[in-house]
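Reviewing the structure listed below.
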Amino acid sequence: MTATLTVVRAGALTTVQDAGRRGHAHLGVPRSGALDAPALALANRLVGNAPGAAVLETTLTGCALRPDHTVTVVVGGAPCPVTVDGRPAAWGVPVRVPAGAVLDAGGVTAGVRSYVAVAGGIAVEPVLGSRSTDLLSGLGPAQLRPGDVLPLGTAAPRTPPAHVAPWPAPPTVLPLPLRPGPRADWFTATALRTLTAATYRVSQHSNRIGLRTEGPPLDRVRTGELPSEGMMLGAVQVPPDGRPVVFLHDHPTTGGYPVIGVVPEAALAAAAQAAAGTPVRFTPG
Amino acid sequence: MTAGRPLRVRPAGRHALLVELPDAERTGAFHAELLRRRAAGTLPPVEEIVPGARTVLLDGVPHPEELARRIAGWEVPARATDEGEAVEIPVRYDGPDLAEVAALWQVGVDEVGVRHSAYTYRVAFCGFAPGFGYLTGLPAELHVPRHDTPRTRVPAGALGLAGPYSAVYPRATPGGWRLIGTMPDPAPLWDLTRDEPALLTPGTRVRFVAEGGAP
């Protein structure tokens, strides 16, 4: 019989995420997947799953779950209080949750997104090779709601290979190295200097599609519309208001605003954990 | 490729390249060449090949500079205009913007469907939503601007026009295109039970077949 998790409290935004959908961008299908990819891999390792097994990604306020079998769970990513049936439990290390008990991952004390990995993985039906929720195009399971029941995969019969691991702290300043983008020449020399010299801040309007920023607007030398072109993960797109948006995993696969630079994928995990108001420093690199 | 400097490779981060071409036709030909080389096993590993209006993005490329050098030396043949079967899309020309488009085209309302269905289109690229194909093929004198204010909801199956493009909405979304018709059953546009979920993939030729009489 399949073990399941029942959603007791869904939180502000909790979705199923794995390593994402690859190879379908030409059909308009975003990559999707966990925004904090190292947290996904580490959480899975701690419960003995394959690195890309599906987990739950929460946003700021966590979630609560009730398994119908005894399961091993780890809550990692953004730090938060963890309880089992109201009793404090450890964050960042594997916890046994008895059948029928409620695991609660609380509101974050820093960062944005916590990850709840369960031994066996969340076993919802894959869509185009991934179990990830894609909020832009509506593929994969919907955002969790109270009462949802999630199937679990079969846990590995062996004990998890590690019990304790260091988790990176959420950033107090977000460094974003920047490579030249395909449309850097659409911007003034002043705009290019401003981008790397000024301090931007993470906007509260950020989401899984993009990390929006607030700061000095970037002026263009070329006006007019850019014909739609392919967009890459980490693209720094500049819409008409001049404020750069860093594309995260649910970004559209084609778009019409110029891309001034590209942030390497490895730097985006920190972007996923940068709370609204966090200073952003774009640096050439 | 042909004379001049028809192909320009733009930087796009550590693992991607944006190849820019002068027009939609040569973009389509270059995209077709990429697919041919990938099928033949002569293209280095590339995770995503994403055509745009006048560009093709190559993403998930281990060595972009090396690939850029190779591409610069390619001979890319022009694309045959009539190869392969065209996908037929049944459509009723009954959209809410039919009269506006008729006025812009300076024809009668009944004439819009007759004109629109007379051309063969091609999927230039996809985006906006899964299975949403941007179809080129409408002559320049029939291009119409999109609405200044988008509709908050365009139903699935709506056939719209915007600039050089025609498209059928695979699902209900907001949208600013001028709606001239309806595909009565839009389900085949995006069907996850098929091996290829999108009916309209980049490069596919498309014909619209008018259903029923004039509205």
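The values are calculated or read from the model by the stated rules, or taken from the named source; none is laboratory data. Bear in mind the structure is a predicted one, so any value in this text is a computation, not a measurement. We place every Cβ from the backbone using ideal geometry, glycine too, and count neighbours over all the protein chains shown. Surface areas here come from the heavy atoms of the whole protein model, side chains and all, with no ligands, DNA or RNA. Shrake-Rupley method; radii C 1.70, N 1.55, O 1.52, S 1.80 Å.
Rolling a 1.4 angstrom probe over the protein heavy atoms with all chains in place gives the range B:32-155 an accessible area of 51 Å² per residue. Solvent-accessible area of A:Ser137, all protein chains in place: 10 Å² (probe radius 1.4 Å, heavy atoms, ligands and nucleic acids excluded).
Residues of the range B:116-137 that bury at least 40 Å² of accessible area when the other protein chains are present, relative to the chain alone (probe 1.4 Å, heavy atoms, ligands and nucleic acids excluded): B:Cys126, B:Pro130. Of the residues B:Ala39, B:Ala167, B:Ala156, the one that moves most in a GNM of chain B with alpha-carbon contacts below 10 Å is B:Ala39.
Where only DSSP H runs of four or more residues are counted, chain A gives -2500 deg cm²/dmol as its mean residue ellipticity at 222 nm, each run worth -39500 (n - 2.57).
What is the distance, in nm, between label points placed 7 Å from the Cα along the Cα-to-Cβ direction at A:Thr196 and at B:Thr149? Placing both labels 7 Å along Cα→Cβ, they lie 4.4 nm apart. Taking the DSSP beta bridges with both ends in chain B, the antiparallel portion is around 90 percent. Largest accessible area first, the listed residues A:Arg281, B:Arg10 line up as A:Arg281, B:Arg10 when surface is computed with a 1.4 Å probe on the assembled protein chains.
Which Cα, out of A:Leu248, A:Ala89, B:Ala187, lies furthest along the positive dipole direction of the protein assembly as shown (beta carbon charges, K/R +1, D/E -1)? Of A:Leu248, A:Ala89, B:Ala187, it is A:Ala89.
Relative contact order of chain A: what whole-number percent is it, with Cα pairs under 8 angstrom and at least 6 residues apart?
Details: 807 pairs, mean separation 61.9, N = 285.
Normalised by residue count, the contact order of chain A is 22 percent.
Placing unit charges on each Cβ (+1 for Lys and Arg, -1 for Asp and Glu) gives the protein assembly as shown a dipole about its Cα centre, and among B:Trp74, A:Gly129, A:Ala105 the Cα reaching farthest toward its positive end belongs to A:Ala105.
At an R0 of 56 angstrom, the distance between the Cβ atoms of B:Arg115 and A:Thr6 translates into a FRET efficiency of 0.50.
The 1.4 Å probe gives accessible areas that order B:Asp195, A:Asp134, largest first, as B:Asp195, A:Asp134.
Per atom type, the protein assembly as shown shows carbon and sulfur on 55% of its accessible surface, probed at 1.4 Å. Between the helical axis of A:37-46 and the longest alpha-carbon principal axis of chain A there is an angle of about 20 degrees. Highest mobility in the GNM of chain B, judged by mean-square fluctuation with C-alpha springs under 10 Å and restricted to B:Asp97, B:Asp82, B:Asp185, is found for B:Asp82. Normalised by the number of residues in the range A:57-128, the mean separation of alpha-carbon contacts (under 8 Å, six or more apart) gives a relative contact order of 43 percent.
Using Cα springs under 10 Å in a Gaussian network model of chain B, which residue among B:Ile89, B:Ile49, B:Ile180 shows the largest mean-square fluctuation? In this elastic network of chain B, the residue with the biggest mean-square fluctuation among B:Ile89, B:Ile49, B:Ile180 is B:Ile49. With a 1.4 angstrom probe, the accessible area lost at the B-A interface totals about 2500 Å².
If you put +1 on each Lys and Arg Cβ and -1 on each Asp and Glu Cβ, how big is the dipole of the range B:1-145 around its Cα centre, in Debye rounded to 20? Don't skip to the end; give the middle numbers.
Working: 15 positive and 20 negative charges, 159 e Å.
That gives the range B:1-145 a dipole magnitude of about 760 debye.
Would you kindly state the longest site-free stretch of chain B, with sites defined as GluC sites (Glu not before Pro) in a DSSP loop (not H, G, I, E, B) surrounded by at most 11 other Cβ atoms within 10 Å? Formally, the longest exposed-site-free interval is B:86-215. Mean residue ellipticity, 222 nm, helices only, chain B: the sum of -39500 (n - 2.57) across DSSP H runs of n ≥ 4, divided by residue count and rounded to 500, is -5500 deg cm²/dmol. Between A:Thr172 and B:Glu85, the FRET efficiency estimated from the beta carbon spacing at R0 = 60 angstrom works out to 0.50.
Each Lys and Arg adds +1 at its Cβ and each Asp and Glu adds -1 at its Cβ; summed about the Cα centre, the range A:142-285 shows a dipole of about 240 debye.
About the centre of its Cα atoms, the range B:1-87 shows a dipole size close to 360 debye [charges on the beta carbon of Lys, Arg (+1) and Asp, Glu (-1) only; nearest 20 debye]. Working from Cα pairs under 8 Å separated by at least six residues, relative contact order for chain B is 21 percent.
For the range A:204-278, report the accessible area per residue in Å² (1.4 Å probe, heavy atoms, rounded to an integer). Please report the intermediate quantities before stating the final value.
Numbers: 2630 Å² over 75 residues.
On a per-residue basis, 35 Å².
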